[in-house]
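J.: Please read through the structure below; I'll follow up with questions.
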Amino acid sequence: MLSAYPEAASAVDLRGVAIAAADLTAANVTNMETFIQQLIGNLQSCLEAYKAMRGTVAGGTEDLRAVRIDAAVNQLNLAESMPKQCFLPYVYAENQSPIDKEISSTTGLASRASRIIRIFGTKDHPTQ
């Protein structure tokens, strides 16, 4: 790795190689700081989305219990789309991180719930 770095390649002694290594280390530290800041920002957005989603799902559940079928479907459909901002592009390929897997699971459950409501809710109770 150091041999590809011009400062290291042109070094005339071990001190020059050490300086090149230190410079590369500093650059890597700066890159990692930027990466971590972006990750923290992404995780903060993800946390906010899940906090909002909790309220939306609770509202959908409440609507379902009160037999407000259309309102429940609308709430769960909204909840299904909320966590998609949690993709962590800097760490994993899409749908590969533990968070992305949880997002897929959560959105899948919300989608299934709204589909079930549409299928069975309309048979047992007309939509309102």
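J.: Please compute the modelled spin-label separation between E33 and T61, points set 7 Å along Cα→Cβ, answer in nm with one decimal.
T.: Each label point is offset 7 Å from its Cα along the Cβ direction, giving 4.4 nm.
J.: Moving on. How charged is the neighbourhood of V73? Take every other residue with its Cβ under 13 Å from the Cβ of V73, and add Lys/Arg as +1 and Asp/Glu as -1. Numbers along the way, then the final one.
T.: Values: positive: R68, R112, R115, R118; negative: D63, D70, E80.
Local charge sum for V73: +1.
J.: Regarding segment 13-71, what's the average projected area of the Cα-atom convex hull, expressed in nm²? Write down the numbers at each step before the final one.
T.: Working: hull surface 20.2 nm².
The directionally averaged projection comes out at 5.1 nm².
Every read-out reported here was derived from the displayed coordinates using simple, explicitly stated rules and does not represent laboratory data. Bear in mind that the values here come from a model prediction, so they are computed numbers and not experimental data. Note that each Cβ is placed from the backbone with ideal geometry, even for glycine, and that neighbours are counted across all protein chains shown.
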